[in-house]
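The values are calculated or read from the model by the stated rules, or taken from the named source; none is laboratory data. Model, not experiment: these values are computed from the prediction. For accessibility, only protein heavy atoms count, side chains too; no ligands or nucleic acids. Shrake-Rupley method; radii C 1.70, N 1.55, O 1.52, S 1.80 Å.
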Amino acid sequence: MFRKSLCALALSFALVSVGNAAALVEPTLHLKLQRGGGRVALTLDACGGKTDTRILSALVENSIPATIFVTGIWLKRNAAAVEILRAHPNLFELENHGGRHIPAVDTPRKIYGISSAGSPDAVQAEVESGAAALASAGGPAPKWFRGATAEYSPSAIAMIRKLGFKIAGFSVNGDGGSLLGAKETARRIAAAKDGDVIIAHINQPTHAAGEGVVQGLLALKQKGMTFVRLDDAEDVGNDGTTD
Ligand SMILES: [Zn+2]
């Protein structure tokens, strides 16, 4: 009996240490600084749902380039927006946000209430189905991946790199998952500095944050900031995401 409970105790310690080993990372990404400076990259996630036409129209009207991370789900439901993105290849780079918006974490857990992929095979399926959805929507093959929630297990990062993708972290959380108010979103984006990679969302047309995204971008443009896409710059990520 004693022996049995000791085994159970040892097992629970083993589980705890596995849990610790699988600590998640939220990698950062910056643009390599250049002479002359004043460059930022705008990245917008299209997780699911609809299209924030306030943002899309502002980007087109003001010729602001952006890297858009789209999921297979969003591509299917937003044909009109996809057509606009494809019609402006000089402005928009489309990259891989996964097939079904499942966090690229290879152990079972919840991140912000979303269930992780839970296994290496499921991470691979999420990455490859996202790339396949983009390929079937036409246009160039994606080179960057950003997982749902932007959190990863280190082993998933290594695997995604082996699949041929760089992983897109960020350095400015512009809209707090599209949950911030317009004013705070505008303040955060307008405060971006040379070399920053901004993340915000383009799939929540009813959220106040979208209005703030537009205001913040226009403020940056007025300051003379240049917008580049991830593929147009040398990007430096930590946690083994780009090297
Ligand atoms: Zn997302």
Task: Debye intensity ratio I(q)/I(0), log10, the stretch 135-243, q values 0.11, 0.16, 0.24 Å⁻¹ (C-alpha model) - done: -0.41, -0.83, -1.26
Open item on the list: Test of understanding: in a Gaussian network model of the chain with alpha carbons linked when under 10 Å, which of 184, 126, 61 would top the mean-square fluctuation ranking?
Closed with: 61
Open item on the list: Given the -39500 (n - 2.57) contribution per DSSP H run of 4+ residues, what per-residue ellipticity at 222 nm results for the chain, rounded to the nearest 500 deg cm²/dmol?
Closed with: -12000 deg cm²/dmol
- [ ] Might you tell me the accessible area per residue for the stretch 153-243, computed with a 1.4 Å probe and given in Å²?
- [x] 44 Å²
TODO: Once you've got the GNM for the chain with C-alpha springs shorter than 10 Å, pick whichever of 39, 146, 77 has the biggest mean-square fluctuation.
DONE: 77
Open item on the list: Please report the spacing between the Cα centers of the stretch 70-87 and the stretch 124-140 in Å, no decimals.
Closed with: 13 Å
Open item on the list: What are the extents of the Cα atoms of the stretch 193-243 along their three principal axes, in Å, largest first?
Closed with: 37, 26, 16
TODO: Give, in nm to one decimal, the length gained when the segment between residue 115 and residue 35 is fully stretched (0.36 nm per residue of separation minus the Cα-Cα distance).
DONE: 24.5 nm
TODO: Whole number in Å², please: accessible area per residue of the stretch 34-76, 1.4 Å probe, ligands, DNA and RNA not counted.
DONE: 37 Å²
Task: Mean separation of Cα contacts under 8 Å (6+ apart) over length of the chain, as relative contact order % - done: 29 percent
TODO: Please work out the Kirkwood hydrodynamic radius for the chain, using every pair of different C-alpha atoms, and report it in angstroms with one decimal place.
DONE: 18.5 Å
Open item on the list: Probe radius 1.4 Å, ligands and nucleic acids ignored: give me the carbon and sulfur share of the accessible area of the stretch 165-225 as a rounded percent.
Closed with: 55 percent
TODO: Quick one: how many lysine pairs does the stretch 86-240 have with C-alpha atoms less than 15 Å apart and a gap of 8 or more or different chains? Give me the count, please.
DONE: 4
- [ ] Among DSSP beta bridges whose residues both lie in the chain, state the antiparallel percentage, nearest 5.
- [x] 25 percent
Task: Highest-MSF residue in the chain out of 43, 206, 149 [GNM, Cα springs under 10 Å] - done: 206
Task: Volume of the Cα convex hull of the stretch 95-136, divided per residue and given in Å³ - done: 49 Å³
